[in-house]
Structure formats: C-alpha cells, structure tokens
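*Asks:* Dropping the structure in here first, questions after.
The values are calculated or read from the model by the stated rules, or taken from the named source; none is laboratory data. Note that the structure is a prediction, hence the values are computed from the model and not measured. With ideal geometry, Cβ positions are generated from the backbone for all residues, glycine too; neighbour counts draw on all protein chains shown. These area figures cover heavy atoms from the full protein model, side chains too; ligands, DNA and RNA do not enter into them. Shrake-Rupley method; radii C 1.70, N 1.55, O 1.52, S 1.80 Å.
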Amino acid sequence: PSLHTDGLTIGKMKIFAASQQDIEQNDNNNDTDDDELLYPIYLLLGRNGWGTGVHPSTRLCLEWICSTIKDGDVLLDYGCGSGILSISALHMGASRCVGVDVEAEALVTAERNLALNGWDADGRFQGLHTREVLPYDICPPQGVDVCVANILIGQLVRPSMVAAIVTNLREGGLLCLSGIRPAQIDSLKRAYDDSIEWLDDEYAELSAGETLNCIETYGFDVGQWARLVGRKRVREVGDSSFILRMSDLAVS
C-alpha cells in the first residue's frame, strides 16, 4: 500500500512514505511539526499491507497509542510490521519498545524505519523473531507496561502466543488487541479471560469506508475491524496456579 504525498494524519502522528532524500539524509528528528503539532513518521514500505496506517486495524492501534502511552512506558509491539506503532510510542514518551514479528523481512524493515526516524542511536528499540520470545523473558522481572498485538485471530488465540503475551506483561499492564473482526471478539476474550480484565469503554470498531485511503489503496473493501483493550489482573501473593497454567500454554 502507498501513502499520499501529503501524508496521513492519525492521532498525533503524520505519516509519510520515505523519499530517497529522506533515506539519504537520514536526519529526521523527534520534534513535532510546528505548524500542526504532529509528529512526522517516515516509512519505508514493505511488501505486506500492514503498518502504514491505511488499514483499519493499524489506525485503531495507532489512535489508542497516541491517547494511552505515558512517559517511561515500555511497549511490547507484537506483530510489529513496519515499526509504525513502536515509532509512535517513542514519540509519545515510551522509554523502550520491543518489536516482535514472525517475518524476518518485517524485522529488517522495522529496524530501518526506526533508524530513519531517529530512534536507532540509543538502543530504545529491539527487534525479536517470534521464536526468540520466551515467557517472563522481556523486561524482567515485572514485564512491559503496555502490549499491542495487531495480528489475525488465528495467531492471537494460539495458546503459545497467549502465554508469550500475558507472561511478558506486568500486573496492571495494558493489552491492546486488533487485527480482528467484531464477530471474533467473544473467541478472543475466552482465550485471555483468565488473565485479562476487559475495558469495555476502550472497545472500538472501524470500517474500510471510515479509514482514509483504505479502499483506494487496497482496491477493495477490507471490511470492519475491531480493537479490544484490557488490563492484566493482579494475582494474590503466593498464587502459583497462574504460572503453571502459562507454562502449560507455552508448550501447547
């Protein structure tokens, strides 16, 4: 998918396709655009269609990040694609982002985009392949403050992915799930209910027709998508049953 030359505004971000001049100069900074008080994001576009902002699920996640991330938060960006959500989180004050993807090409593209936007020098982004993610391994001992997973339902409900996400999120941390259809919400909730308390006021839906440039970019109507948000439950001291259940899920 392509981006309009004038850029695409989502939340507090304005997204541009990176030009050859951007790539050669590599001098983008982390300051807002004085005219519009928006953070510019420049993207090298990969072959897949996720992570540009023209897909409803990406827009739902990006809008949520712009209204949720606080200074010092650590973000787990599961299914990071282009890296757009990590870049946005760093603009909003995140101290560190860990991007995870199953595609090696996506990880390379994400790291290049983080560098293009000026976030490569201080080690605030780390890219990991899905195989490298282990329970309780990211940001130990507490886990990350926020996890965003923009992935299709078939992957999100896999027991091993549920375990990888939930065990690496701190108690009280926020989880944002998208890449899902409204009809799939109940199935997704069941997969995470044991660990997540759902925040119904954060639920949102968005259609292709409501998403700027979506239908024009894809050439067809990609339909209605949803965002589900919850908070990790706080366990009683000495409750070891959760660890046992997550251990079982991790190997299933």
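*Asks:* Any idea which of D27, D33, D22 is modelled with pLDDT under 85, buried (at least 17 other Cβ atoms within 10 Å of the Cβ) and within 20 Å of W119 (Cα to Cα)?
*Replies:* Step by step, each of D27, D33, D22 is checked, and only D22 is modelled with pLDDT under 85, buried (at least 17 other Cβ atoms within 10 Å of the Cβ) and within 20 Å of W119 (Cα to Cα).
*Asks:* Taking the stated definitions as given, is L206 open to solvent by less than 60 Å² (accessible area, probe 1.4 Å), of a type outside the set (S, T, Y) and free of Cβ contacts under 8 Å to residues at least 60 places away in the same chain?
*Replies:* no
*Asks:* Moving on to the next point. Spot the failing condition for H91; the list is (1) closer than 22 Å to A121 by Cα; (2) modelled with pLDDT under 95; (3) of a type outside the set (K, R); (4) buried (at least 21 other Cβ atoms within 10 Å of the Cβ), and only one is missed.
*Replies:* All conditions are met except number (2).
*Asks:* Can you go through D186, D201, D221, D145 and tell me which one is open to solvent by 10 Å² or more (accessible area, probe 1.4 Å), at pLDDT 95 or above and within 19 Å of the chain's Cα centre (by Cα)?
*Replies:* One residue alone meets the criteria, D145.
*Asks:* Let me ask something else about it. Based on what the data block shows, is L174 touching a Pro at 6+ places or on another chain (Cβ under 6 Å) and under 28 Å from L8 (Cβ atoms)?
*Replies:* Considered against the rule, which asks whether it is touching a Pro at 6+ places or on another chain (Cβ under 6 Å) and under 28 Å from L8 (Cβ atoms), L174 comes out as no.
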